[in-house]
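To start, the structure under review is shown below, and the notes come after it.
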Amino acid sequence: MLRRRLLYPVVVALLLGQMAFAMVTTAVRQSPTIDEPVYVGTAVVYAQQHSLRYNPEHPPLAKLVMAVGLAFEDAKLDPAYRGNQSLLGRHLLYESGNNPYRLMLAARLPIIVLTLLFGLVVLFFARDLAGPWAGLVALALYAFSPDVIAHGSLATLDVPAAGLVLTTFWLLWRGRDRPRLSLPLAGVALGAALATRASTLPAVPLALLLVFAFCRAKWTWRDVGLRLAAAVGVGLIAVAAVWAVYLAVDPRLRWTTPAGLAPPGGLRGLAVDLLPFPRAYRDGVLMQFTFESQTFNGFLLGEAYRGSRWYYLPVALLIKTPLGMLALWLAGTVTMLVKKWVAGLYTLLPAGVLMLVAMTGARDYGTRYVIAMPMFLAVVAGTVVLIRWRWAWIPTATLVAFVAVSSLRTFPYYLPYSNEAFGGTANTHTNLHDSNVDWGQDLPRLAETLKRDHPGERVWLVYKGSGVPSYYGIKAANPLAVPLDQVHGIVVVSDSRVALARDNLRRLIDSSTPIGQVGHSMTIYRR
C-alpha cells in the first residue's frame, strides 16, 4: 500500500520533470522572439526606474515576475534612454553591454516555474472533479502539450494570464464547499489574471456569476444577500489585487495619457470609463481597442489574406494540437456533460467564452491567444476516467501515450509543432505563420547551420524577428536592398516572410531553389 501511495507523486514528478527539461532546453537555444524584448526591457525599467511608461497596453504582473529573474543578472540600462519600447528591448539586449543569452534565460525561468505550478493546478482541478486518475490524465496532457511547452518557455504573457484564469475557476470550484478560504484566493487569482492581460476581462462576469449562483447559501431572500456579498467580495479583492500590482511598480502612479489616445465612444468607451482600475490600465485597454480597429495580414492553410477570419483559431488549434489530445478533449467533454455537467460551468464555459472572444480579434497570429484551451480541456479530458466500462483505461492510456510520442518527436522544436494529420512539424509553415511557427527564435541555429554547411559562402537574409543576426555571428546582406540579378549564393528567409511574400520577395523566392530548413522556421535557398 505504501509503495502504491508513493508511486503517484513519483509519476507527477516525472511528468513535470520532463516538461521542465523540455522548456529549459528550448529556452536556452532560442533567440528572443518578436515580443520578448519589449517585455524584458519593460521589466528592467519597472525594477530600476519604477516607471509605467513602457508597454502600457499590457498590465505589469507577468513582467514583474520576469523582473524577479532579471534581478540576479544586474542588467545595465541607461536611465536616460528614451527610445520606443521595441528599440528599448534591442538597446538592453544588444547595445548596453549585457549578455542577451543570460538576460533572456533569467527572464524566461520565472515563467517556466509558473508554467510548472499551473501543471499542479491542472492536476488538483481534475482530481477534485473525478479522482486521482483523472488528475494524472489531465497532467499528462498538459505536460506534453507542445503549445504549452513552447509558450511556457518564453518571457511572454500568454501562459501566465491563462494559468491564472484556470487557477481562478479551480478555486471557485473548491469554494462551493470551502468558501472562507477558496473564494478570497479566487479573488486574488482573478485580480492577478487581470493584472497580467486585459484579455482576461471577459472571465470576470462569469466568475462572479458562478460565485453568486453556487454559493452554499440557500435560495431564501435572506441568503440571497449572502450570495451577493460573496460575489462582491471576490470582485473587490480582484480590484484590490490589480491596484496592488500597479502600486508595486510605481507607488505614486505617475502616468500621462499618450497624446492622440481617444476613447472609442459608445459602449466600449463607457465600459472602459467604468473599469475600477488605475488610469494606466484603462488607457492600456483603449490601446488594445486601437489595435483591434486595424487590419493585419493573415495566413491559413497556405492562403495569405488581409484582415481576420472567424474560424482561424479553431482551425489553428486543430493543426497544432496532438491528435490523441483532440480525441481525449472530445471524449472528456461528452463525459463531463453527461456525468458532471455542473463542472462544465467551471471548465468548458470559461474556455468557450475566452475562445469566442479571441475569435473576434483582428490579429490572426497564433494559438497563443487561446493557450487557455489546452489547460482547461486537459482538466476536462481527465473526466474520461468516470466512464464505467471495464476496459476504458486501455484507449485512454493509448491516447495519452500517442500524445506523449507526438510531443517527444517534435523536441526541441515545440513552437512550430503541428500534428501528423497536417504533415507534422516540418510542414507547419505551409499552413500557418507568425507565432505558430516562426517568431524569430532560430538565429543561433541559423548561425550553426551556416558555419557547418555553408562556410565562406555569400549569405543573404530576410529575417522577421527581434534578434540581431550579427550578434550571433551571421554575416548577411539584405537581398531586397539590391537588384535581384545581384543576389547569388545562399538566401535565407524567415517562413513568416515566405508565407506573406509578394513583389520582389516573391520573385526572389520563385527564382531560388530550396535546399534546407533551420528549426522548421526558416527556409534556406540557393540562387
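Taken together, the values in this text are just the output of simple stated rules run on the coordinates, not laboratory data. Everything numeric in this text was worked out from a predicted model, so none of it was measured. Cβ placement follows ideal geometry from the backbone for every residue including glycine, while neighbour counts extend to all protein chains displayed.
Observations on the model:
- The set of residues in segment 304-355 being in contact (Cβ under 8 Å) with a residue 24 or more places away in the chain, of a type in the set (Phe, Trp, Tyr) and closer than 24 Å to VAL211 by Cα consists of TYR346 alone.
- Residues that are touching a Ser or Thr at 6+ places or on another chain (Cβ under 9 Å) and within 23 Å of TYR281 (Cβ to Cβ) do not occur anywhere in segment 211-219.
- Residue list for segment 321-374, filter: in contact with a Gly (Cβ under 7 Å, 6 or more places away or on another chain) and in a helix (DSSP H, G or I): GLY332, MET336, LEU337, TYR369
- Candidates are the residues of segment 472-514 that are in contact with a Ser or Thr (Cβ under 9 Å, 6 or more places away or on another chain) and assigned to a strand (DSSP E or B); the one that is surrounded by the fewest Cβ atoms within 10 Å (Cβ to Cβ) is PRO514.
- Single condition ARG409 does not satisfy, out of (1) without any contact (Cβ under 8 Å) to a residue 60 or more places away in the chain; (2) touching a Gly at 6+ places or on another chain (Cβ under 9 Å); (3) not aliphatic (A, V, I, L, M); (4) not in a helix (DSSP H, G or I): (4)
- If you go through segment 1-37 and pick out every residue that is hydrophobic (A, V, I, L, M, F, W, C) and in contact (Cβ under 8 Å) with a residue 60 or more places away in the chain, you end up with 12.
- Complete set of residues in segment 36-53 that are surrounded by fewer than 23 Cβ atoms within 10 Å (Cβ to Cβ) and either in a loop (DSSP other than H, G, I, E, B) or of a type in the set (A, V, I, L, M, F, W, C) (or both): ALA47, HIS50, SER51, ARG53
- Condition met for ALA71 (surrounded by fewer than 22 Cβ atoms within 10 Å (Cβ to Cβ) and either of a type in the set (Gly, Ala, Ser) or touching a strand residue (DSSP E or B) at 6+ places or on another chain (Cβ under 6 Å) (or both)): yes
- Boolean, ALA392 is over 21 Å from TRP170 (Cα atoms) and out of contact with any Cys (no Cβ under 9 Å at 6 or more places or on another chain): yes
- Positions within segment 1-35 being closer than 20 Å to LEU141 by Cβ and of a type in the set (Gly, Ala, Ser), in sequence order: ALA13, GLY17, ALA20, ALA22
- Segment 367-414, subset within 25 Å of the chain's Cα centre (by Cα) and among the basic types (Lys, Arg), residue farthest from LEU313 (Cα to Cα): ARG409
- If you filter segment 447-471 down to residues that are touching a Gly at 6+ places or on another chain (Cβ under 8 Å) and in a helix (DSSP H, G or I), you find that the one that is surrounded by the most Cβ atoms within 10 Å (Cβ to Cβ) is THR449.
- Among the residues of segment 413-423, those that are under 18 Å from GLY516 (Cβ atoms) and in contact (Cβ under 8 Å) with a residue 12 or more places away in the chain comprise TYR413, PRO416.
- Sole residue being in contact with a Phe, Trp or Tyr (Cβ under 6 Å, 6 or more places away or on another chain), among the hydrophobic types (A, V, I, L, M, F, W, C) and crowded, with 18+ Cβ neighbours inside 10 Å, chosen from ALA327, ALA331, ALA351, ALA316: ALA351
- Residues satisfying the stated conditions in segment 176-199, i.e. part of a helix (DSSP H, G or I), without any contact (Cβ under 8 Å) to a residue 40 or more places away in the chain and surrounded by fewer than 23 Cβ atoms within 10 Å (Cβ to Cβ): ARG180, LEU181, SER182, LEU185
- Restricting segment 220-242 to residues that are in contact with a Leu (Cβ under 9 Å, 6 or more places away or on another chain), surrounded by 15 or more Cβ atoms within 10 Å (Cβ to Cβ) and not small (Gly, Ala, Ser), the residue that is farthest from LEU183 (Cα to Cα): VAL242
- Condition check for THR295: of a type in the set (Val, Ile, Thr) and either surrounded by 13 or more Cβ atoms within 10 Å (Cβ to Cβ) or closer than 28 Å to GLY423 by Cα (or both): no
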